[in-house]
1. Taking K and R as +1 and D and E as -1, what net charge do the other residues with C-beta under 9 Å from the C-beta of A254 add up to?
2. Over the Cα atoms, compute the radius of gyration (one decimal) and Dmax (the largest Cα-Cα distance, rounded to a whole number) for the stretch 3-367, in Å.
3. At most 16 other Cβ atoms within 10 Å and a DSSP loop assignment: could you name the chymotrypsin sites (Phe, Trp or Tyr not before Pro) in the stretch 78-171 that fit?
4. So what's the back-of-envelope 222 nm ellipticity for the chain, counting only DSSP H runs of four-plus at -39500 (n - 2.57) apiece and dividing by all residues, rounded to 500?
5. Would you kindly calculate the translational diffusion coefficient of the stretch 1-153, applying Stokes-Einstein with the Kirkwood radius from alpha carbon pairs, for 20 °C and a viscosity of 1.002 mPa s, and quote it in µm² s⁻¹ without decimals?
6. Can you give the Rg to Rh ratio of the stretch 107-203, both from alpha-carbon atoms, with Rh computed by the Kirkwood formula?
7. If the reach is capped at under 13 angstrom between alpha carbons, list the aspartates and glutamates near K202, excluding any in the same chain fewer than eight residues apart.
8. Around A238, what is the net charge, scoring Lys/Arg as +1 and Asp/Glu as -1 over all other residues with Cβ under 15 Å from its Cβ?
Amino acid sequence: MRISNRKLDHLLITTYYDVNHSVTTLLEEVLPVPRAAPEASLDEVDPSITLFGKRIAAPVIVSGMTGGHHIALEINRAIAEVVEELGLGMGVGSQRAAVKDPSLIDTYRVVRRVAPNALIIGNIGAAQLAKMSIDDVEKLVSMIEADALAVHLNVPQELFQPEGDRDFRGVIKAIEKIVEKLSVPVIVKETGHSIDPVTVSKLVSIGVEYIDVSGAGGTSWVRVEELRARNAGEASLAREASVYRNWGLPTAVAIVAARWAAPTACILAGGGVWNGLDALRALMLGADAVTVALPVLRAYADNGVDGVMAFLSRYVSELRKGMLMVGARTLRDLYATDYALGPRLSSYIESLGIDPELYKYASRARLYTSRACP
């Protein structure tokens, strides 16, 4: 199957079918301690942050979703228009399709034309990266004048994709090579099935400073591939995929595991962080910024660019109001704000050998060290 056709499958399935994990992110188990008298005004709340050398108005990035199909051009254009106006960031979907078919380059390049000042993040799969030269990777960056490049790890999705990769050797070495030589920062991310603490430690040891844990609880790409396999008549592969629909650490657990393994790394949290309250919880728990994808795509499907604008404006507004309600004027205030943990999340954390109370103190090391995202 042509990559562009697969991209269209992904767009249609994620927009119109139930593709969520049937487990939660466990972010509902992060219980902010409210400040009944915060002695602050909403106008004073400033959630801005510097990421990849760019100051953005809030720690919210629309995660890379699409590109590689002509329908994707209008989606990327709409998202870019909104993030430019709101001062946020966005990624593009895997640029592999444009490497194989240059006629698709504009489906990605449109984002920089429409959003000259926004934070823009390129994207390539780790399995493909292992087969590319530095010059090839630099072309991905220049294609969209990217401020950073995301390398996505998606072993579960590939294994249940009929035409997916099956060989994942050499990935860490390939990432190390581009971290050393690429002209822009590199972020390593999963796509919704979580990055484990062992992998986080390996990534940090080779110089990776930015990690998006992309935990379970939001979109399940194994579920997406299950539906694709079922539609293609590949019943056996679809049945296998259905077993692994909920694969991965819940997003809240993945945040804790990553922060514990890499106290001073820049941790982004994706995977079901779909409203401002969950963003607040993720940031308090240990993330420096959050990423969101599926609700943005569905907002576009419902009402085009106006739908995207309404969703992202509301998301940031919810976050700012939550910050005020816990007495945080800035993100640094928020990172230091106290919270309680529900029993399921506490138990899960303890099962990984992490003391929940000790973790709270250890996670605040990000406030006192020189880091990639201050």
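The numbers here are math on the coordinates, done by the rules we state, and not lab data. Quick caveat: nothing in here was measured; it's all calculated off a predicted structure. Backbone-built Cβ (ideal geometry, glycine too); neighbour counts: all protein chains shown.
1. Values: positive: none; negative: E190, D196.
So the surrounding residues net to -2.
2. 19.3, 61
3. Details: sites: Y108, F160, F168; in loops: F160, F168.
Hits after loop and neighbour filter: F168.
4. Values: 17 runs with 180 residues, N = 374.
Estimated from H runs of four or more residues: -14500 deg cm²/dmol.
5. Values: Rh = 17.2 Å.
The calculation lands on 124 µm²/s.
6. On the way: Rg = 13.9 Å, Rh = 14.2 Å.
Answer for the stretch 107-203: 0.98.
7. List returned: E176.
8. Details: positive: R223, R228, R230, R239, R245; negative: D9, D18, E163, E225, E226, E234, E240.
Summing Lys/Arg as +1 and Asp/Glu as -1 gives -2.
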